[in-house]
Amino acid sequence: MSASLAGLKVFVRTFGCQMNESDSEHITGVLVQAGASRASGPEDADIVVVNTCAVRQKSEEKLYSYLGRLSRLKKKRPFILGLAGCVAQVRQAGLIEKLPFVDFVAGPDSTLDLPEIVGRAAEAPVVRTDFGRDWREIGAGATCRETPWSAFIPVMEGCDNFCAYCIVPFSRGREKFRPLPNILGEVRAAVEAGALELQILGQNVNSYRDPQSGIGFAGLLDAVTAAPGIEWVRFITSHPKNFGDDIIRAMAASPKVCPALHLPLQSGSTRVLERMNRGYTREDYLALVGRLKRSVPGLLLMTDVIVGFPGETEEDFEATCTLLREVGFSGIFSFRYSPRPLSAGAAIADDVPLEVKRRRLIALQSLQKTIQTEIYRSFVGQDLRILGTGPSPKGAGRFSGRTSGNLVVNFDASSDPSGRFVTVRITGSGPYSLHGALHKGADSDIIHRP
Ligand code: SF4
C-alpha cells in the first residue's frame, strides 16, 4: 500500500559517500513521486530522512549529535523522522530503543517502500532492513538530482571482500549488480536531462558483472562511453585486486573516461594488507599503478589510507609513507583505525595507542601535503578544461569547477559557469586547489542543455 504524501514537505540530510548521495536523490525522488514536495530544511519539513554513514566511529558520532538537534526541534514542531542508510542497516531496531523520537528505520534496500513506511510511521515506529534492492524500479523518474549536469549512476551495491576493518559487507550486504539495460536506460535519461558528466558508483564498482549477459566492468565502461552527449565518465570505488587489463584498455580507449582514478591502498605494508584481508601485496599495488600510468596519459590517482590498524609497527607505517612518495597521489583520504561492529577487526585487540595513531596520521597528512603541492604546482601556466560547479567558497566573483583529473579550480568569471565547460588559465596553486582566470576560448559556449 503506497501512501499519498500530498501536501507534505520532505527534507533529506545525507552523511557519507557518493553512494549515499545517490541514494538520497532516489529517496527524495520516491517521496516526491508519492506527492511530497521538497523542504529547504528540517525547520519546515513534515518528513525528515537522515541518510546515515557507518564507515567510521566518527561518522556515527556526528550522526548522534545531529539527531540531538533534531529531537529538540521535534519537541517544538512535530514531524516524521526516519533513519536510512548504513547505520540504519547495522543498528536496526536498536536505534528505536536508543532514540525513541525516531519514527522509522529503513535500510539502503528499502528506498522504494518509503512512502508506505512513512504512512505507517505516523501511527507506530517502523523498522524495515531486509536486503534485496529492486534495481528494476530505479529509473529517471525516481531521482531528484542535485546537479543535473553531473549524474550519479549506481551500478552495483554491497561487497563480498570482508576487509577486516570494514562494515560495508554488513551495511550493504552481498554484491548485487544492476542489469546493464537498466543502467543504459538511466544514462540516456540523465543525458536527456542535461548530464555532461557521469559518475558510475559501486562499493566495488570494478567487480561489476551484468546479471543477464555476464558482461564485466570493461564492457560496461565501453557501453556507457558510447552514449551520445556524454563528455566525461568517472567511476568509484575500485578494488585493486579486481583491476584487470581489460579495464585499463577500456579506460585508455575512450577520451571520455577521465584520467582520474580512486584506488584505495589502505596500507603500504604487505604484512598489514594481509592482516586487513585486502587480497593484494605492496608489489601488486605498485605493479598495477605502473600499468595504469603507462596506459592512461596524465592519470591522477587518489587513494584511502588507514593508520594504526592493529599490529601496525613503525616499519609498517614507514612502508605506507614510502609508497606515497613512490606513487605521488594527487589526493588521499586518511583515517585513524577505529574498530567497526560486525567486522573481523572488532575481534582483534586495538593495540596501537591513540596518541601513536594521531602522530602517524599527522605525519602522513603532512607528507601528502608536500607531495600534493608539487603535483598541483605542475599545472601552473596551463589552460585547463573545467566543468563549472558553482560559486567558490573563496569569495565574491569567484567560481569553482573540476578538471578531468578531478582537481578543484577556483577562478574569476563574470557569470556562474555551473554545468558548463570553460577553459581556465591556471595562474597559481595550493596544496588542495588550483586558481586562475577564465580564458576566452572555444569551450565557453558549450552551455548546459536544455
Ligand atoms: S572492498 Fe573492503 S573496504 Fe571496500 S567495501 Fe568491501 S570490505 Fe569494505
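Only the coordinates and a few stated rules stand behind these numbers; no lab work does. This is a predicted model, so every value here is computed, not measured. Positions of Cβ are generated from backbone atoms using ideal geometry, with glycine treated the same way; all protein chains shown enter the neighbour counts.
Expressed in whole Å with the largest first, what are the equivalent ellipsoid semi-axes of region 340-450 derived from the C-alpha gyration tensor as the square root of 5 times each eigenvalue? Present the calculation step by step, with values, prior to reporting the outcome.
Details: eigenvalues 294, 63, 27 Å².
After diagonalising the Cα gyration tensor, the semi-axes are 38, 18, 12 Å.
Expressed in nm to one decimal, what extension gain is obtained for the pair GLN92 and LEU342 from 0.36 nm per residue of sequence separation less their Cα-Cα distance?
Details: separation 250, 0.36 × 250 = 90.00 nm, distance 1.33 nm.
Contour length minus the Cα-Cα distance gives 88.7 nm.
Principal axis lengths of region 2-128 from Cα atoms, whole Å, largest first?
If we take the Cα atoms of region 2-128, the spans are 37, 31, 25 Å.
Using the Kirkwood formula over every pair of different C-alpha atoms, what hydrodynamic radius in Å results for region 144-373? Don't skip to the end; give the middle numbers.
Numbers: mean 1/r = 0.0536 Å⁻¹.
18.7 Å is the Kirkwood radius here.
Go through 158-166, 344-352, 326-334 and give me the packing order, highest mean Cβ count within 10 Å leading.
Highest mean packing first, the order is 158-166, 326-334, 344-352.
Please report the base-10 log of the normalised intensity I(q)/I(0) for region 89-209, using a Debye sum with one equal scatterer per alpha carbon and no solvent, at each q in 0.15, 0.23 (1/Å).
-0.81, -1.24
Give the Rg (one decimal place) followed by the Dmax (whole number) of region 154-222, computed from C-alpha coordinates and expressed in Å.
Rg and Dmax of region 154-222, Cα atoms, are 13.2, 42 Å.
Output needed: Cys residues of the chain lacking any neighbouring Cys C-beta below 4.7 Å, sorted by number.
CYS17, CYS53, CYS86, CYS144, CYS159, CYS258, CYS321
Select from the chain the helices, each a whole stretch of DSSP H, whose alpha-carbon atoms run 24 Å or more along the helix axis and whose Kyte-Doolittle mean is at least -1.0; answer none if there are none.
354-377
Pick from SER343, SER378, SER110 the residue whose mean-square fluctuation is largest in a GNM of the chain, springs joining Cα atoms under 10 Å.
Answer for the Gaussian network model of the chain: SER378.
Calculated from DSSP H runs of 4 or more alone, at -39500 (n - 2.57) each and per residue, what is the 222 nm mean residue ellipticity of the chain, nearest 500? All intermediate terms of the calculation are to be shown ahead of the outcome.
Working: 13 runs with 149 residues, N = 450.
Only helices count here, giving -10000 deg cm²/dmol.
Multiply the residue gap between SER433 and ARG359 by 0.36 nm, knock off their C-alpha separation, and tell me the result in nm, one decimal place.
Details: separation 74, 0.36 × 74 = 26.64 nm, distance 2.54 nm.
Extra length from SER433 to ARG359 when fully extended: 24.1 nm.
Can you give me the pair-distance distribution of region 236-279, C-alpha pairs, 5 Å bins, whole percents?
Histogramming region 236-279 at 5 Å steps yields 5, 18, 24, 21, 13, 11, 6, 1 percent.
Starting from a Cα-only point model with no solvent, please compute log10 I(q)/I(0) by Debye for region 196-268 at q = 0.14, 0.22, 0.25 1/Å.
Those come out to -0.41, -1.00, -1.26, one per q.
Would you report the distance distribution of C-alpha pairs in the chain as whole percents per 10 angstrom bin, up to the bin with the largest distance?
The percentages, shortest bin first, are 4, 19, 28, 29, 17, 3, 0.
If you take the alpha carbon radius of gyration of region 1-73 and divide it by 2.2 N^0.38 Å, what ratio comes out, to two decimals? Kindly include the intermediate steps, with their values, before the conclusion.
Details: Rg = 13.1 Å, N = 73, 2.2 N^0.38 = 11.2 Å.
Dividing the Cα radius of gyration by 2.2 N^0.38 Å gives 1.16.
Can you give me the C-alpha center-to-center distance between region 63-129 and region 367-392, rounded to a whole angstrom?
41
Please give, to one decimal in nm, the separation of the simple spin-label points placed at SER415 and VAL380, each 7 Å out from Cα toward the Cβ.
3.3
Among DSSP beta bridges lying fully in the chain, give the percent that are antiparallel, nearest 5.
Within the chain, antiparallel bridges account for around 35 percent of the total.
Considering only SER429, SER267, SER207, give the residue with the highest GNM mean-square fluctuation for the chain, with springs between Cα atoms whenever their separation is below 10 Å.
Of the options given, SER429 has the highest mean-square fluctuation.
R0 = 25 Å: FRET efficiency of ARG72 with LYS394, Cβ-based, nearest 0.05? Mind showing how you got there, number by number?
Values: r = 34 Å, r/R0 = 1.35.
The computed FRET efficiency comes out at 0.15.
Can you list, largest first and rounded to whole Å, the semi-axes you get for region 227-349 by taking the square root of 5 times each eigenvalue of its Cα gyration tensor?
Details: eigenvalues 171, 49, 31 Å².
Taking √(5λ) for each eigenvalue gives 29, 16, 12 Å, largest first.
After finding the eigenvalues of the alpha carbon gyration tensor for region 284-420, what semi-axes result from the square roots of 5 times each, listed largest first in whole Å?
Numbers: eigenvalues 241, 73, 40 Å².
Those come to 35, 19, 14 Å.
Dividing the alpha-carbon Rg of region 383-445 by 2.2 N^0.38 Å yields what? Don't skip to the answer; put the middle values down first.
Values: Rg = 10.0 Å, N = 63, 2.2 N^0.38 = 10.6 Å.
Cα Rg divided by the expected 2.2 N^0.38 Å: 0.94.
Which of the lysines could be linked to LYS98 by a straight reach, that is with a Cα gap under 24 Å, when you skip same-chain ones fewer than 8 residues away?
Answer for LYS98, where 24 Å is the Cα cut-off: LYS58, LYS62, LYS74, LYS75, LYS76, listed by chain and number.
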